[in-house]
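In what follows, a single structure is set out as structure tokens and then discussed.
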Amino acid sequence: MLYRVIDASELPSLVSAFMETYEVVAPVRSGRSYAFEVIESFDDIVLDYPTTITSLKKYYLPPRETLFEFDKDGNEVRDFEMRVKPRVLFGAHACDINALNCLNSVFEDARYPDPYYEAHKAATMVVGVSCMPSEGCFCHLLDSDEARNGYDLFLQDIGDRYLVSIGSVEAANILESACSPREATDEDRIAFRQATRRRQAAFNPEIPDIQEIPMLMDAFHSDPFWEELGGRCLSCTACSSVCPTCYCFDICDTLDPDGKSGRRERVWDACTSPQFAQVAGGYNFRADGRNRVRHRMYHKLNGFLSAHDRNLCVGCGRCVYACKADISPIEVLRFFERKGAENA
Amino acid sequence: MPRVVFVGLASCFGCQINITNAEAHLVDVLGQIDLRYWQLTHSEPMPEEFDVAVVEGAVTTEEAVSTLLEVRRRASAVISIGACAATAGIPGMAAEGYLTRPVQVYGEHVPEACGTMCAPRPVSSVIDVDFEVACCPVDPLEFVRVLQQALYGSNSFRRTSTLCGECKRNERGCFYGRETLCLGMVTRSGCGARCPNLGRPCNGCAGLSPDANVPAARRVCERSGVPVARFDEALEMFNQTNPAISA
């Protein structure tokens, strides 16, 4: 990896340079929270944002996406060209870059490559930025507090300047043309080390650090805890709407009002939706909150890991804020902590 | 061409009117059906033969019960539209002590036009309903989509998940963090959370989801500084006749 240093005062010209060729998406204020949105100028950006309501997932897997169009009467699929905007996602936190890496390992699976996802990804650049954890952050407990790959640039805040990790030639060229990147000095490296230590020390100590989570998930699979946790699920699916790694979708055909043509659409689905596991004939093999919430936590903290060698929960904390019933992976970690205390 | 009739029971007729707001698509939609009767626009009585019946409004009279039984006997598909048809809606608000109300309003001489009154109830409590378009009023294009399901069949189905998941996608933040009552957490999704997206809390017009977790929602209110009594009262606007809210 190549590293360079730029001054904080150079960021506006970096963003302007991206805006010449790309649509730039960045964290902006949305009411009392924040959201990733297309920006008009650098001044719209709130770079020290804690988190956003939903994630960057929407730019790779839109909530509703047309897969193709058809004529009903002729029973024929029309020629369909997908239009994708070249885009820069500016200001992604490390957890969210790791989340995109999770999505990549699903949608770029050589057995089932997804052309729609691929088209979005190919047109998208990612510029990460370092952050300080907020109350609901636990990325460090799930090995997601560092983005080791999956970005074009990553900006480490080291005071009045940024240590920039360069991940692509395209981004390096833009950085070179818009800023005056220089070699890192010893002073820069020490500042980086100190920033990293400050961040490590700032995580919420109330969130327990549990070892061997996947194994514990199996060991406590039948514990009454799951009834307690899932029994209070509101079945609202807010968790998966805000989750940067929930990638399940449904596919449905929608007719245009004229009844002559229509679209096959992919829409977000959620395993916490009551009908998610309903099959032909009407049987629902996860018919209650206990089974649905437990399944979701298993996929996040156990199942995905064995298939893709990384956790599907990146500890971003969005569901911690989004779930009014107080259901989140943190509650699972606390349950394991209580079990440890009981046995001790 | 499928013969379609529109039947209006106890309601403001706002859903029927709102269908005309499909404006640009209205002629296209009418081109797909043989519209035999629209209570809002026809003077002649409803014909005896039809394929699809669209019903707006709550059942509040024995005459309405008879109409519905007749509709069900003749129609191959029944679509109920709007909150009044789906949940008893606004007429349902008066369900408690309903039979004493005519005398309160008219005195001793209750006009014959009131019919033989019965406690307000949803259409589905009288006949089987094949398709339902929720909300007060219905979204015109959602109506068109459901009508097409009745005309042509469909591979999609209605979910019972509640509203917050759709609301989060609008990225407007949650009313509960602002100690403001919102019924989204127990109300059936499907509308795209358009009221919260406009800055107004959900008033529950899509009706209580069959999978609503009302006890858990009450605990959320307690924790969030919203009095449970206010939550329960707000739920009555569109769900008073739903047995689940007294659970």
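The values are calculated or read from the model by the stated rules, or taken from the named source; none is laboratory data. A quick note: this is a predicted structure, and the numbers were derived from the prediction, not measured. Backbone-built Cβ (ideal geometry, glycine too); neighbour counts: all protein chains shown.
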Take the residues of the range A:245-266 that are more than 8 Å from every other protein chain (Cβ to nearest Cβ) and without any contact (Cβ under 8 Å) to a residue 24 or more places away in the chain: which is nearest to A:CYS139 (Cα to Cα)?
A:ASP250
What are the residue pairs meeting all of these: first residue in the range B:208-231, first residue within 7 Å of chain A (Cβ to nearest Cβ), second residue modelled with pLDDT under 95 and loosely packed, with under 11 Cβ neighbours inside 10 Å, Cβ atoms under 7 Å, and 6 or more apart or on different chains?
none
The range A:31-42 residues that are over 15 Å from A:PHE18 (Cβ atoms) and within 13 Å of chain B (Cβ to nearest Cβ), paired with ones that are among the aromatic types (Phe, Trp, Tyr) and not in a loop (DSSP other than H, G, I, E, B) (beta carbon under 8 Å, 6 or more apart):
none
Give the residue that is nearest to the other protein chains (Cβ to nearest Cβ), with candidates limited to residues of the range B:115-140 that are more than 18 Å from B:THR241 (Cα to Cα) and either surrounded by 19 or more Cβ atoms within 10 Å (Cβ to Cβ) or touching a helix residue (DSSP H, G or I) at 6+ places or on another chain (Cβ under 6 Å) (or both).
B:PRO140
Would you mind finding the one in A:VAL242, A:VAL293, A:VAL320, A:VAL314 that is within 20 Å of A:ASN104 (Cα to Cα), within 14 Å of chain B (Cβ to nearest Cβ) and at pLDDT 95 or above?
A:VAL242
Residue satisfying all of: in the range B:149-181; without any contact (Cβ under 8 Å) to a residue 40 or more places away in the chain and among the aromatic types (Phe, Trp, Tyr); surrounded by the most Cβ atoms within 10 Å (Cβ to Cβ) among these:
B:PHE175
Residue under evaluation B:GLY225, criteria (1) out of contact with any Lys or Arg (no Cβ under 8 Å at 6 or more places or on another chain); (2) buried (at least 18 other Cβ atoms within 10 Å of the Cβ), criterion not met
(2)
If I filter the range B:199-207 for residues that are of a type in the set (A, V, I, L, M), at the interface with chain A (Cβ under 7 Å from one of its Cβ atoms) and either in contact (Cβ under 8 Å) with a residue 12 or more places away in the chain or over 26 Å from A:GLY262 (Cα atoms) (or both), do I get at least one hit?
no
So which of B:GLY184, B:GLY199, B:GLY207 is touching a Lys or Arg at 6+ places or on another chain (Cβ under 9 Å) and either surrounded by 16 or more Cβ atoms within 10 Å (Cβ to Cβ) or of a type in the set (A, V, I, L, M, F, W, C) (or both)?
B:GLY207
Filter result (of a type in the set (A, V, I, L, M), assigned to a helix (DSSP H, G or I) and at the interface with chain A (Cβ under 10 Å from one of its Cβ atoms)) within the range B:148-194
B:LEU151
Just wondering, is there one or more residues in the range B:75-85 that are loosely packed, with under 14 Cβ neighbours inside 10 Å, at pLDDT 95 or above, assigned to a loop (DSSP other than H, G, I, E, B) and not assigned by TED's automatic domain parsing to the domain that holds B:SER189?
yes
Can you pull out the helices (runs of 4 or more DSSP H) entirely within the range A:168-235 that have at least 2 residues that are more than 27 Å from A:PRO50 (Cα to Cα) and in contact (Cβ under 8 Å) with a residue 12 or more places away in the chain?
A:169-178, A:213-219, A:225-230
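Per-residue answers, yes or no, for (1) over 30 Å from A:LYS260 (Cβ atoms); (2) surrounded by fewer than 22 Cβ atoms within 10 Å (Cβ to Cβ); (3) touching a Pro at 6+ places or on another chain (Cβ under 8 Å):
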position	(1), (2), (3)
A:PRO27	yes, no, no
A:SER41	yes, yes, no
A:PHE70	no, yes, no
A:VAL88	yes, no, no
A:ASP96	yes, no, yes
